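Contents: one structure, followed by commentary.
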Amino acid sequence: MLEVKNLKVNRGGTNILKAVSLSIKEGETHILMGPNGSGKSTLANALLGNPLYTVAGGKILLDKMPLVKLSPDKRAKLGLFLAFQYPVEVEGVSMRSFLRTVYIELKKSGENFNKNLVESLKLLNINENFMGRALNFGFSGGEKKKSEILQLALFSPKYAILDETDSGLDVASLRTVAEGISALKKTNPKLGILMITHNPRILKYLNADVVHIMFQGKIIKSGNAALVKEVEEKGYGDTKSKLIMMNSERIG
Amino acid sequence: MENFKADNYKYGFSYPEKPAYKLEKGLNEDTVKGISRIKNEPLWMLSYRLRAYKTFLSKKLPLWGADLSGLNFNDLYYYLKPYQSNADTWESLPKDIKETYDRIGIPDAEQRYLAGVKAQYDSEIVYGSLLAELKKKGVIFLSMEEGLRKHPKIVREYFGKAIPASDNKFSALNSAVWSGGSFIYIPKNVKVELPLQAYFRINAKKMGQFERTLIIADEGSFVSYIEGCTAPIYSQDSLHAAVVEIFVKKNARVRYSTVQNWSRNVYNLVTKRAFVYEDAVMEWVDGNLGSKITMKYPSVYLMEKGARGVILSMALAGKNQFLDAGGKAVHLAENTSSQIISKSISKNGGGSNYRGLVKVCANAKNCKSSVVCDGLILDKKSYTNTFPVMDVAGKNAQVAHEASVGRVDEEQLFYLTSRGISEQEAVNMLVNGFIEPIAKEFPMEYALELNSLIALEMEGGVNA
């Protein structure tokens, strides 16, 4: 189980997350929605330990193991993965050597690397010559997102945070990425997912167990997939969000 | 952390000195005469040396670049012959010397992918080899002394013609006391597919090594030449002041790659220059990891139309190191082109500079030159600077220059570490990525060696 308890996070001296709590059980898919600037990406970064973000209070537990004091690489080794909203480009480091280095780091051996890589490429319909290119370097938006999901498939973490993996994609790419994620889910049913999204369309491909609405650094409402519909109809523009907030049960 | 450099330097070992002959310490006219006498040289070479010695005395230390005030010319040995003869099998070398090259891996590399080897130990080439089929084609790969003996006309025609003794204080010094180095001639239209390798090893304390290399690539030929160098770690300084002259004739191509890995007590002050003729190509691929101080700017003089020069320079400066490297491209004819790429990394208080010149002479029309120099600083104690000079007089020249200096990108670091790679390894990965455009130009085995040397250098932490 991935548990976030009363998590408070600052960036550059500003308090962004104000006591956020949620817990994701093995195999569950959670959707996190909310307007821009509500703190969704901050949560994603804080979960992996981005040094630009400071945890001012609360806990993050992965299968009971406290993470807050651990460096990002240790969190990854415990089974946490973040698909970045804006994956960085690294010139001069080839995809293949990067994937292989990480694979060996996580699995303690390079065994089955090639086999798993070929399978993951196939699953996501990615051309093998992708591997000769530099890490995310000069990739289109869609290629970058595919690169993230490829890594998710290959590294097989326990819990994955997908930060707007579905945004900025054309319809065809969205479809590939979403189908990739749901195929992954099938091969690895224990994978827990926290999907940060603006886009209710993703739910055509993914069954959400829980939906959370974040607003001004807090989760103001959690519920089942029906909550997405509510957002779709009412939106969470400023005024409406406040309405939702007033009407919602406080969680955590 | 204090000594991690010494611990990480694989080649810091030494063997007791057992010289066959060693000149007394210090530098004077007798030193110069002594070296010439031992080598039994023609008179013209002795007078050349003596004139060069006078030039050396008259020249000041450079007023720019590194601080060389710690260099005491009279506290060095200028000539040490380690062994009586020049071997053509490794087995016939004295045990210490053979072991040294085994530990460096030269005999193994020779077996696997080299066309020929010259191994210099202190002042003399002690071992040489060249594939029989290349000998048959007329390829000459000798020590400079053998070259002078067997091909006196060619040597006299080219020696000191690209780099006169008076070029700078250290070319004058080399011209006065040179010993060892390679003499190479590649006949017309002969392509030497496998690289030739020279390996320079200093073993003795307070040693001055002054090898002299001359490469002549005749029309339409090709050769790839690689040099490596290492030395023991001593508390006293040594000096390496080489001169390398290359003549690339019409339509020929020469690639000269260096993996410089001197120990941290070596002053490395080297002059390298290539004259490049019609439609010929000269490529310098220069990797600098070691030494206390390096000043080295491999140059291309583009003599005739269509000549092209490429200078790829990489430097990694750590604690107590100052590497002032770069390149010079001088366009003397029309339609010539040059490219300089420099990547320097500074860490743990080290300093690395790019210093370069692009000169397009007035009669050189339609020339192209592009210079890219990037510096990467890994901590707050370290520093980097760029000194690019452009002097363009020729008409219709296209000269481009880009420079950047930066630190390790925090976002890249987080991306890599969030995948499970330690911060240390992530920095290594970024550093290797940074120099990749240059590392990939080395022959594969050397690129791997370079990467593993860099990984060793990086051990002990970014902020160590």
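One table, with the values for the structure above:
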read-out: For segment B:69-210, radius of gyration divided by Kirkwood radius, i.e. Rg to Rh on alpha-carbons; value: 0.98
read-out: Length released on extending from B:K137 to B:H401, taking residue separation times 0.36 nm less the Cα-Cα span; value: 90.8 nm
read-out: Cα-Cα P(r), segment B:211-344, percent of pairs per 10 Å interval; value: 14, 43, 29, 12, 2, 0
read-out: The protein assembly as shown: antiparallel DSSP beta bridges as a percent of all, rounded to 5; value: 20 percent
read-out: Orientation-averaged projected area, Cα convex hull of segment A:82-154 (nm²); value: 4.5 nm²
read-out: Distance (nanometres) between label positions extended 7 Å along Cα→Cβ at A:S97 and A:N6; value: 4.8 nm
read-out: Peptide A:76-83 - average C-beta neighbours from other chains (10 Å radius); value: 3
read-out: Interchain or long-range residues, amide H under 5 Å from B:Y127's placed H; value: B:A87, B:A119
read-out: Calculated FRET efficiency for the pair A:N224/A:N199, C-beta based, R₀ 22 Å, to 0.05; value: 0.75
read-out: Cα-Cα over 32 Å, subset of A:K18/A:K107; A:K69/A:K144; B:K272/B:K347; B:K22/B:K153; B:K188/B:K365; B:K39/B:K136; value: A:K18/A:K107
read-out: Under Karplus coefficients 6.51, -1.76 and 1.60, residue-wise ³J(HN,Hα) of segment A:138-144 in Hz, glycine/proline x; value: x, 6, 6, x, x, 5, 4
read-out: Förster radius 60 Å - calculated FRET efficiency between B:A455 and B:E24 (Cβ-Cβ, nearest 0.05); value: 0.90
read-out: Percentage relative contact order, segment B:9-296, counting C-alpha pairs under 8 Å, at least six apart; value: 18 percent
read-out: Relative counts (whole %) of C-alpha pair distances in segment B:329-452, using bins that are 10 Å wide; value: 13, 32, 30, 17, 7, 1
read-out: Residue order, fewest to most surrounding Cβ atoms within 10 angstrom, among B:C229, B:C361; value: B:C361, B:C229
read-out: For A:I161, distant residues with modelled amide H under 5 Å away; value: A:F81, A:L82, A:A83, A:L194
read-out: Zone of A:E179's modelled label, taken as backbone nitrogen in segment A:125-167 under 13 Å from a point 7 Å along Cα→Cβ; value: A:125-126
read-out: Residue mean of other protein chain beta carbons inside 10 Å, A:84-90; value: 4
read-out: For segment A:92-100, Karplus couplings with θ = phi - 60° (6.51, -1.76, 1.60), whole Hz, Gly/Pro x; value: x, 10, 6, 3, 4, 5, 4, 4, 5
read-out: For segment B:304-368, projected area of the alpha-carbon convex hull averaged over all directions, nm²; value: 4.1 nm²
read-out: Least to most buried among B:F159, B:F183 (fewest other Cβ within 10 Å first); value: B:F159, B:F183
read-out: Burial order of peptide ranges B:418-428, B:93-103 (average beta-carbon count within 10 Å, highest first); value: B:418-428, B:93-103
read-out: Which of B:Y354, B:Y127 has the fewest Cβ neighbours within 10 Å, and the rest in rising order; value: B:Y127, B:Y354
read-out: Shape parameters for segment A:1-44, alpha-carbon atoms, Rg then Dmax in Å; value: 11.5, 36
read-out: Alpha carbon centroid spacing (whole Å) that separates segment A:136-207 from segment B:103-160; value: 59 Å
read-out: Whole-number D in µm² s⁻¹ for segment A:147-236, Kirkwood Cα-pair radius fed into Stokes-Einstein, 25 °C, 0.890 mPa s; value: 176 µm²/s
read-out: Spherically averaged projected area of chain B from its Cα convex hull (nm²); value: 21.1 nm²
read-out: Vicinal HN-Hα couplings computed from phi for segment A:153-165 (Karplus, 6.51 cos²θ - 1.76 cosθ + 1.60; Hz; Gly/Pro x); value: 5, 6, 8, 5, x, 7, 10, 10, 9, 10, 8, 6, 4
read-out: Evaluated over segment A:2-247, the Cα radius of gyration and Dmax, each in Å; value: 17.7, 54
read-out: Förster radius 35 Å - calculated FRET efficiency between B:K380 and A:L61, Cβ distance, rounded to 0.05; value: 0.45
read-out: Sequence-distant residues sharing a close amide H with B:I340 (under 5 Å, placed H); value: B:I311, B:S370, B:V371, B:V372
read-out: Compactness of segment B:177-246 as Cα Rg over 2.2 N^0.38 Å, two decimals; value: 1.34
read-out: Shielding by other protein chains, A:47-57, mean Cβ within 10 Å; value: 2
read-out: Cα-based reach from B:K305 at 12 Å (exclusive), listing aspartates and glutamates while leaving out same-chain residues under 8 positions away; value: B:E278, B:D279, B:E334
read-out: Among beta bridges that DSSP assigns inside chain A, antiparallel share in %, nearest 5; value: 60 percent
read-out: Ratio Rg/Rh [Cα only; Rh per Kirkwood] for the protein assembly as shown; value: 1.09
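Every number in this text was worked out from the coordinates using simple rules, so none of it is lab data. Quick caveat: nothing in here was measured; it's all calculated off a predicted structure. Note that we place each Cβ from the backbone using ideal geometry, even for glycine, and neighbour counts take in every protein chain shown.
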